[in-house]
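The values are calculated or read from the model by the stated rules, or taken from the named source; none is laboratory data. These figures come from a predicted structure and were not determined experimentally. Glycine gets a Cβ as well: all are built from the backbone with ideal geometry, and neighbour counts include every protein chain shown. All accessible areas refer to the heavy atoms of the entire protein, side chains included, with ligands and DNA or RNA removed. Shrake-Rupley method; radii C 1.70, N 1.55, O 1.52, S 1.80 Å.
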Amino acid sequence: MTIQADQETIIVEAFINGQNVKSLSQVAKENPTNPTEIVGYFPVTTKEQAVEAIEAAAGAFKTWKHTSIDERIMMMRKAIEKIRAAENEIVHLLSREHGKPLYDAHGEIYVSLMWMEFACNEAKSALQEEIKEHENGKTILSYDPIGVVAAISPWNYPIALSTIKIAPALLAGNTIVLKPSPYAPLAAAKVAEIIASEFPAGVINVVHGDADVGVELTSNPLVTKIAFTGGTATAKHIIKAASETIKDMTLELGGNDAAIFLESFDVHDERAMRRIVISNFLTAGQICMIAKRVYVHRSIYDEFVEKYIEAANRWIRIGDPFDSNTTVGPVNNLKQKNYVLGLVEDAQKRGAKIIPLGQILDQKLFEQGYYLQPTLVLGCDVHDPIVVEEQFGPTVPILPFDDEEQVIHLHNESVYGLTSSVWGKEEDAISVARQLEAGTTMINTAAVQGLDVRFPFGGVKQSGIGREYGVEGIRTYTEKHVINVPKTLDLPYIPE
Ligand code: NAD
């Protein structure tokens, strides 16, 4: 699947039925730090090859679904060990193709492995058939595999958001066709290759490309489940494409996560200030669950902004992802950079004040790559695009609010509801949290710092359908099959 062309350049091929499949055309993947440098090449999978991959997965499913859970766990554990052994190599590739600093790339592997370990530890009990004897007879509830899973992942966390699907799907007895994003296809392909080396041919297949391949994966009748992470707009196309054959779906979509600072929040708490800055700017703000709009009670607003700027200027060091001093790298791609820039410029035109944050470590590099200096946006209206749209980049608006009712309304009027956070005295924060429409709400922390893979993760409203992580994130790859053996076979209300 991945061939080391020379020391620096990786060539990725589609992987179908245990074989690398040559493609007619290859696309170059550039380094966002230096866009003239090619990190590797990936193919554009043809429609015919995508169909081949789906058919290979459907063929392999016939035998794979009969393997024992112990066997599947054993294979997955071996794959985990191999990923661990190759961690440095994977992290380097991920940093080069994505632009995230090395510590952040290590963090992605850390979360991926934590989840894969959890899935291995929990799979047996999560998928264990339940047999209940009751007054009306006996019921057997089994967790059967669904079939062929089309797993489609985005560019921001290409490894974590691929393994979040691969591990539970395979443990539950499904087979898979993975399509990573064309904006970060190389490291995800490398990890899929490592996992595939432990599994029979056809159980994991990998195809590449963008919407054209995605459409085949989401409409082909042999695909019975779609596991998609990406934008809400793309999900709307996927729902339409899948409607013809009514597929099971897990959709993890966009968010516009709010961080709410109550009157009881201590602005002098430097660790908390560092946590919110990280929650805004980790991975240059390109995380679904990052805090994308910050609301602060008016009574502490001015002091909050002052302390926030100090904390941001301490933590944000924009530079080379391979420099251990760097905390924020470039944006992953030019399209995203221009989109974020457009939102900031629009806010400025509307009268907002834009405050640059952090220190640029290498000006030459900054000008050469897809870098954006992180910014704080003050003085905007609650309905300005920078507040209501998902910016997915290194900029954040901070707005004052007057009372809890108002901020709860501002939070809940969004079409999104992925995560949120409330900061302040614990009991006050929990009381506000209970009133928020979101899949996860964190108290006194936000984003990945408050993520716990043992519990279900996902969004409400247009942030998604279904959950990943937790036991739910394993069972979501199963059909719940009930076998009823009633004692009384004749219903009393049906006449003789
Ligand atoms: P995107 O929707 O543009 O692309 C995601 C994937 O879908 C890519 O692999 C892409 O090639 C594929 N795709 C594009 N068009 C398709 C189609 N018509 N049919 C099938 N597949 C298609 O998203 P992105 O820009 O890669 O990622 C950023 C978005 O993902 C943000 O909105 C972010 O919030 C969201 N996201 C959500 C989560 C979550 O867990 N909720 C996590 C990470 C990212």
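Taking the stretch 215-259, which residues are in contact with a Lys or Arg (Cβ under 8 Å, 6 or more places away or on another chain), open to solvent by less than 10 Å² (accessible area, probe 1.4 Å) and in a helix (DSSP H, G or I)?
Correct list: LEU217, THR218.
Residue by residue, here is whether (1) more than 28 Å from GLU263 (Cα to Cα); (2) in contact with a helix residue (DSSP H, G or I) (Cβ under 7 Å, 6 or more places away or on another chain); (3) surrounded by 18 or more Cβ atoms within 10 Å (Cβ to Cβ); (4) not assigned by TED's automatic domain parsing to the domain that holds THR229 holds:
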{"position": "GLU427", "(1), (2), (3), (4)": "no, no, no, yes"}
{"position": "SER431", "(1), (2), (3), (4)": "no, no, no, yes"}
{"position": "MET442", "(1), (2), (3), (4)": "no, yes, yes, yes"}
{"position": "ILE465", "(1), (2), (3), (4)": "yes, no, no, no"}
{"position": "GLU468", "(1), (2), (3), (4)": "yes, yes, yes, no"}
{"position": "GLY473", "(1), (2), (3), (4)": "yes, yes, yes, no"}
{"position": "ASP490", "(1), (2), (3), (4)": "yes, no, no, yes"}
{"position": "ILE494", "(1), (2), (3), (4)": "yes, no, no, yes"}
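If ALA189 passes every condition in (1) more than 9 Å from the ligand (Cβ to nearest atom); (2) farther than 14 Å from THR45 by Cβ; (3) not polar (S, T, N, Q) but one, which one does it miss?
Single failed check for ALA189: (2).
Between a first residue in the stretch 470-493 that is closer than 20 Å to CYS120 by Cα and a second residue that is open to solvent by 60 Å² or more (accessible area, probe 1.4 Å) and outside any loop (DSSP other than H, G, I, E, B), which pairs have beta carbons less than 9 Å apart while being 6 or more apart in sequence or on different chains?
Pairs found: VAL471/SER125.
Name every residue in the stretch 302-327 that is open to solvent by 30 Å² or more (accessible area, probe 1.4 Å) and farther than 30 Å from PRO35 by Cβ, in order of residue number.
ASP302, GLU303, GLU306, LYS307, ILE309, GLU310
Restricting attention to the stretch 433-440, does a residue exist that is aliphatic (A, V, I, L, M) and in contact with a Phe, Trp or Tyr (Cβ under 7 Å, 6 or more places away or on another chain)?
No; the residues of the stretch 433-440 include none that is aliphatic (A, V, I, L, M) and in contact with a Phe, Trp or Tyr (Cβ under 7 Å, 6 or more places away or on another chain).
For the stretch 235-259: of the residues being closer than 30 Å to VAL432 by Cβ and of a type in the set (Asp, Glu), which is farthest from the ligand (Cβ to nearest atom)?
ASP257
Looking only at the stretch 251-299, which residues are under 20 Å from LEU451 (Cβ atoms) and of a type in the set (D, E, K, R)?
GLU252, ASP257, ARG271, ARG274, ARG275, LYS292, ARG293
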